[in-house]
1. All but one of (1) closer than 21 Å to ALA218 by Cβ; (2) assigned to a loop (DSSP other than H, G, I, E, B) hold for ARG326; state the number of the condition that does not hold.
2. Can you tell me which residue in segment 176-211 is modelled with the lowest pLDDT, limited to those that are crowded, with 24+ Cβ neighbours inside 10 Å and over 17 Å from the mean Cα position of the chain (by Cα)?
3. Right, THR243: assigned to a helix (DSSP H, G or I), in the same structural domain as HIS132 (by TED's automatic domain parsing), surrounded by fewer than 23 Cβ atoms within 10 Å (Cβ to Cβ) and of a type in the set (Val, Ile, Thr) or not?
4. Kindly indicate the residue of segment 100-120 that is within 17 Å of GLY212 (Cβ to Cβ) and assigned to a loop (DSSP other than H, G, I, E, B) and also farthest from the chain's Cα centre (by Cα) among those meeting that condition.
5. Kindly check whether there is at least one residue in segment 327-339 that is within 23 Å of GLY112 (Cβ to Cβ) and either touching a Ser or Thr at 6+ places or on another chain (Cβ under 9 Å) or hydrophobic (A, V, I, L, M, F, W, C) (or both).
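The values are calculated or read from the model by the stated rules, or taken from the named source; none is laboratory data. Here the structure is a predicted model, which is why all the values come from computation and not from measurement. For neighbour counting, all protein chains shown are included, and Cβ atoms are generated from backbone atoms with ideal geometry for every residue, glycine included.
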Amino acid sequence: MGAPEAGVVEAPVLAARAEIDRVPAPPTPHAPADPDAIRTRTAVIGWPAARNNFTRTVPVVGPHEEPSTRSRRDPVAWESVRRHTEKRDPLSHLSEYQDAFECIRLERDEQGILLVTLHREGKSLRWGRDSHLEISKAWGLIASDPDNRVVILTGTGEDFLRFEYGTFGPPITGGSSHGHSAQSWDPVMAAEHNLMTDQLSVPVPVISAVNGPCPVHADIPLLADIVLAAPTASFADESHFWTLGTVPGDGVHVVWPNLLGPNRGRYFLLAGSHIHADEALRLGLVGEVVEADGLLDRAYELARKIAGYPAMNVRYTRDLLTRRLRRTMQEELDYGLALQGLAYVAKAERMRDAGEHVDG
């Protein structure tokens, strides 16, 4: 894809850069109070960058940041985000983030169709803290890459995603684990927020090719504009209320009632339903059920048709069709995350008081 047309890009990019240049936030404990210390700027994600509703707060590394703080981040993807922000450039490019992830394989063809494949060493991806953070970060970079024309999301092996209880960290033993203190929940809440909002901020159509069961965060493939499913695909929410007694506040409380309707959505989250491919088609969760060996071929057939239309028309159509869901997510997501975090902290306190352990 060549450079976007003049008049379509320049104004939004200028607006985004003006947003990035806003007044820096107060200093952090890791930096002294001077203009060169760590600052927080607001980077608008999307293409054209200024048109989307979502913004992401990106810490910018200053000269006084402690090396230990920097080393705890995903170095490649973080460095890409940092460079773009310091250069006042909200855009990213595939060559700078393609190899930044361990559980995401990224490939783009000459039409600008980006294939996003979730995997764990070439097998089905087991959902965990690392994959959660990587997918959250990847959506933001994908959203800000102007050369992506259509995105296809799929899994590897027999499952789209796998879920095993206890994969988010060690038990609580008097310290804190995943989200089990207010301090530890804060970065989890930020990652959950970005996971939902950055996916919806991708300014081009997204096609999901669900190759198998998705028992956790099934909202990720179902937030796509077109959802294709293999006959073995199924959708569930095993990481929240029915299985673990956890408040379903990380975006599933927005997605499922919107997709299934209020009553069926609440039933799904409270009663631990599993929706298989044929029923998902009947309920309107998926657009087509396609045999596994033709699933990606069908996804590419649709993607090539979409990518053949003028880029501006494609972006504006995506913007229009996701507008209501983006607005609802913006209004409801953080409240749900706050309640989920309070419940995590309360559970940890009860377990500590009883001298027990709780898995993260």
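1. (2)
2. GLY179
3. Yes, satisfied.
4. Among residues in segment 100-120 that are within 17 Å of GLY212 (Cβ to Cβ) and assigned to a loop (DSSP other than H, G, I, E, B), the one farthest from the chain's Cα centre (by Cα) is HIS119.
5. Scanning segment 327-339, I find no residue that is within 23 Å of GLY112 (Cβ to Cβ) and either touching a Ser or Thr at 6+ places or on another chain (Cβ under 9 Å) or hydrophobic (A, V, I, L, M, F, W, C) (or both), so the answer is no.
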